[in-house]
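Read the structure below first, then the notes.
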Amino acid sequence: MPYGILYREQTSGSDGNQRRAKSPQSPSKLDGMKAIIIGGGIGGLSMALSLHQAGIEAKVFESIKTIGAAGAGINLQPNAVRELDEMGLGGALAATGVATQQWSCYNKHGQLIWSEPRGIAAGYRWPQYSIHRGQLLLLLLQATLERIGAANVLTGHHLASFEQDAHGVTAHFIDRASGKPVHSERADLLIGADGIHSAVRANYYPDEGPIHYSGEMQWRASVEIDSFLDGKTQIIVGNRNQRLVGYSMSQEALQRDRVLVNWICEIRMPETSRPDWDRKVSKEVFAGAFAGWRFPWLDVPALIDATAEIFEFPKCDRNPVDRWTFGRVTLLGDAAHPMLPTGSQAGSQAVVDARVLAQALITEPSVEAALKSYETQRLKPMAAITLKNRELGPELAMQIAEDRAPGGFNKVEEVISREEMAAITENYKRSAGFDSESVNTRPSYLQIR
Ligand SMILES: Cc1cc2nc3c(=O)[nH]c(=O)nc-3n(C[C@H](O)[C@H](O)[C@H](O)COP(=O)(O)OP(=O)(O)OC[C@H]3O[C@@H](n4cnc5c(N)ncnc54)[C@H](O)[C@@H]3O)c2cc1C
């Protein structure tokens, strides 16, 4: 049975429009509460949808003029898929992304080191989805526009400055291209979901300096091909110095018996002059290093050759900070915890942040207490995973196999035991909060009933 169908039977049943019930007897502190969200990325839009469910008014301010399109594939782990399902987006995700069935790890000779089921196949009640980041943003945007209205999603509004007093926060916006003021907004709280180059964070950490380059360069692209394993497997091939990640990310392509592969080639390059994302480059820059990677199950040089556009992404993060919340202002998603994409779960954490913050606003006695409670719940685990992501995370098994058998192996069990491999991936999932037991059995982060 296709996962989409199995999954639809197991969704929360929420259409996302269900909102926290108001008591007619006792007016709530939330009635009339208003939030400013800076950034219309995955974190900011998830926040807007969660505040809407919590019965809190929200306005999203996005710097760029048109939300969507940029980026390639992204993986959503079941912890985030559960939250998106509870926002009423389960059906849209199933129709758009690919429910990942298997996660498989190979050495540079193409020999299988470890393969494990993912999502529903691994016993989760929610799938893992591989999806195009632009399509994910568009489905979040569509739901946000439908629920809070286009007047509350303002693009072309770049946060220039803000100030807070005892009663609220005032934010000032400019048009980024011209630098001209466009608008000022007053609200009870401000959430900085403005990404790795966050202006909100920079306001509190003016001396933080540039983002930290990990020494690993990625080239990312997507291309439609005939087949790729079973069409639902995420692969990682190679070792610490050179690897390939690939997965199928389009449900629409799968329905046509084709596979839209998101692929990422990565090479350790300690120096780079341009630690910024999204530069279009020629394949000549890196393809030579992968010339011998022709495996019976995937011809990597042919995959690269078939691709039209390739973008360079230096892998960057920032050191964890010890505060996200400053009175009525807090940070969320990449603004709070910019991390390396190890373990395919950085974007998922932004979704979880939004749910935890919305619940804190419902339960805590004041805005300040709510933002502090959110920070208490999320900062330490995110700081730990940010540092852990500088190591190899679940991909450690791949490096162990490389260290112990650089020329390949006859039987993988002679190089690394199944128990050792299973422990590596399970420990990582537990530390990132997406092991099946906690995803399946914890209460909802956002209690709207
Ligand atoms: C262009 C781009 C491409 C990406 N591609 C991938 C990918 O292919 N795969 C992957 O796994 N992850 C990708 N990511 C990262 C991933 O989307 C994030 O890690 C994750 O989703 C966290 O989301 P976020 O909402 O916290 O931050 P972001 O997704 O970075 O969103 C922040 C938003 O804030 C806006 N913003 C920034 N400054 C201001 C300001 N001063 N005022 C108003 N708005 C502002 C930005 O324009 C952006 O829309 C990409 C991010 C970006 C920005």
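Taken together, the values in this text are just the output of simple stated rules run on the coordinates, not laboratory data. Everything numeric here is computed off the predicted structure, so don't read it as measured data. Please note: Cβ atoms are built from the backbone with ideal geometry, for glycine as well, and neighbour counts cover all protein chains shown.
General remarks:
- A compact globular protein would have a Cα radius of gyration near 2.2 N^0.38 Å; the ratio found for segment 304-449 is 1.31.
- For the peptides 201-211, 331-341, the ranking by packing is 331-341, 201-211, with the highest mean count of neighbouring Cβ atoms within 10 Å listed first.
- Multiplying the residue separation of I267 and E426 by 0.36 nm and removing their Cα-Cα distance gives an extension gain of 54.6 nm.
- For segment 152-249, convex hull volume per residue from C-alpha positions, Å³: 206
- The Cα-based radius of gyration of segment 170-322, divided by its Kirkwood radius, gives an Rg/Rh of 1.09.
- Dipole-positive endmost among I74, H167, V60 within the chain (Cβ charges, Cα centre): H167
- Size descriptors for segment 332-389, from the alpha-carbon set: Rg then Dmax equal 11.8, 37 Å.
- The Rg/Rh ratio of segment 363-449, with both radii computed over alpha carbons and Rh defined as the Kirkwood radius, is 1.18.
- A quarter of the convex hull surface defined by the alpha-carbon atoms of segment 299-367 gives 7.2 nm² as the mean projection.
- Per-peptide average of other Cβ atoms within 10 Å, ordering 37-45, 313-321 highest first: 37-45, 313-321
- All other residues whose Cβ lies under 12 angstrom from that of T425 are scored, Lys and Arg at +1 and Asp and Glu at -1, for a net of -2.
- Nearest-ten-degree value, helix 133-148 long axis tilted from longest Cα axis of the chain: 20
- Relative intensity, log₁₀ I(q)/I(0), of the chain from a Debye sum that treats every alpha carbon as a point, q = 0.06, 0.07, 0.12, 0.13 Å⁻¹: -0.25, -0.34, -1.02, -1.19
- Pairs from K34/K372; K280/K315; K283/K388; K283/K315; K388/K411 whose Cα-Cα separation, in the structure shown, is over 24 Å: K283/K388; K388/K411
- The order of the peptides 185-195, 345-355, 137-147 by mean Cβ neighbours within 10 Å, most packed first, is 345-355, 185-195, 137-147.
- Remark: segment 109-242 carries a charge dipole of roughly 280 debye about the Cα centre, counting +1 on each Lys and Arg Cβ and -1 on each Asp and Glu Cβ.
- Span from the segment 164-185 Cα centroid across to the segment 239-274 one, whole angstrom: 39
- Percent of beta bridges antiparallel (DSSP, the chain, rounded to nearest 5): 75
- For E216, distant residues with modelled amide H under 5 Å away: M269, K315
- Simple label model, 7 Å out from Cα along Cβ direction - D322 to R279, nm: 3.6
- Measuring how big segment 39-195 is from its alpha-carbon positions, Rg and Dmax come out at 18.9, 62 Å.
- Surrounding net charge for T342, when Lys and Arg each add one and Asp and Glu each subtract one, Cβ distance under 12 Å: 0
- Pairwise label distance in nanometres, K29 with Q111, each label 7 Å out on the Cα-Cβ vector: 6.1
- Whole-number Å³ per residue for the convex hull built on Cα positions in segment 255-363: 184
- Relative to the Cα centre, the charge distribution of the chain, modelled as +1 at Lys and Arg Cβ and -1 at Asp and Glu Cβ, gives a dipole magnitude of about 560 debye.
- In plain terms, if you count all Cα to Cα distances in segment 81-171 and split them into 5 Å steps from zero, the share in each step is 3, 10, 14, 14, 13, 12, 10, 8, 7, 6, 2, 1, 0 percent.
- Candidate cross-link partners of K429 among the aspartates and glutamates, defined by an alpha-carbon separation under 18 Å and a same-chain spacing of 8 or more, comprise E83, E116, D353, E391, E395, E419, E420, E437.
- Förster radius 35 Å - calculated FRET efficiency between L154 and R442 (Cβ-Cβ, nearest 0.05): 0.50
- Shown here for segment 260-351: chymotrypsin sites (Phe, Trp or Tyr not before Pro) in loop regions (DSSP other than H, G, I, E, B) with at most 14 other Cβ atoms within 10 Å, namely W297.
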